[in-house]
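Down below is the structure, laid out as structure tokens.
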Amino acid sequence: MKRKNLAILVLTLAAMMTILVVSPAVSQDKPADNMQILRDKIKADKKLIVAANMELTESEAKGFWPVYEAYQKDFDAINQRIVKLIKSYAADDMANTLTDDKAQKLTAEFVNIQKAEAEFQASYVPKLSKVLPPKKVARYLQIENKIRAAVKYELAKKIPLVE
């Protein structure tokens, strides 16, 4: 039952996170406020998923949550690169102005983002290992990976192939 709930929550969270990347503002009244509310909700939901599946002791939780918050904050730089890449491609795709040169640059940036993501995760293993036993480090990285995979899947469904 727990695994089924994790899958449902991860897919729901992924869909919500994808909305932030590929959709315009939620409302025309106060788009910035609405988007911030949505971002805050997504962050809270993600934290709930992590908390429900980490099974932390009190002492582990005390050390883990500051590292978790730093991880999320630091990972935002990679997320911003992804958003910038998607927006750049979307602009060219919509205007039908994607050149070979631009496609080559987008491809290089895509590969660099993938490398940066792997290096980032590797850089956090020692930090996580200071506050968690090895199996819980692996579990946390699995949870992050499942969420990222679901988000990437949702993005892949929405982003058209290069023509």
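Bridgeable aspartates and glutamates around K62 (alpha carbons under 20 Å apart, same-chain partners fewer than 8 residues away excluded): D45, D74, E144. The length gained on full extension between D45 and K135, counted as 0.36 nm times the residue separation minus their Cα-Cα distance, comes to 30.1 nm. For the pair D92 and A52, a Förster radius of 41 Å applied to the C-beta separation gives a FRET efficiency near 0.50, rounded to the nearest 0.05. Based on alpha-carbon atoms, the Kirkwood radius and the radius of gyration of the range 63-163 give Rg/Rh equal to 1.07. Couplings 3J(HN,Hα) of the range 76-89, computed from phi: 4, 4, 5, 4, 5, 5, 5, 4, 4, 4, 5, 4, 5, 5 Hz, in residue order, whole Hz [Karplus 6.51 cos²θ - 1.76 cosθ + 1.60, θ = phi - 60°; x for Gly and Pro].
Only the coordinates and a few stated rules stand behind these numbers; no lab work does. Owing to the predicted nature of the structure, the values given are computational and were not obtained by experimental measurement. No Cβ is skipped: glycine too gets one built from the backbone with ideal geometry, and neighbour counts run over all protein chains shown.
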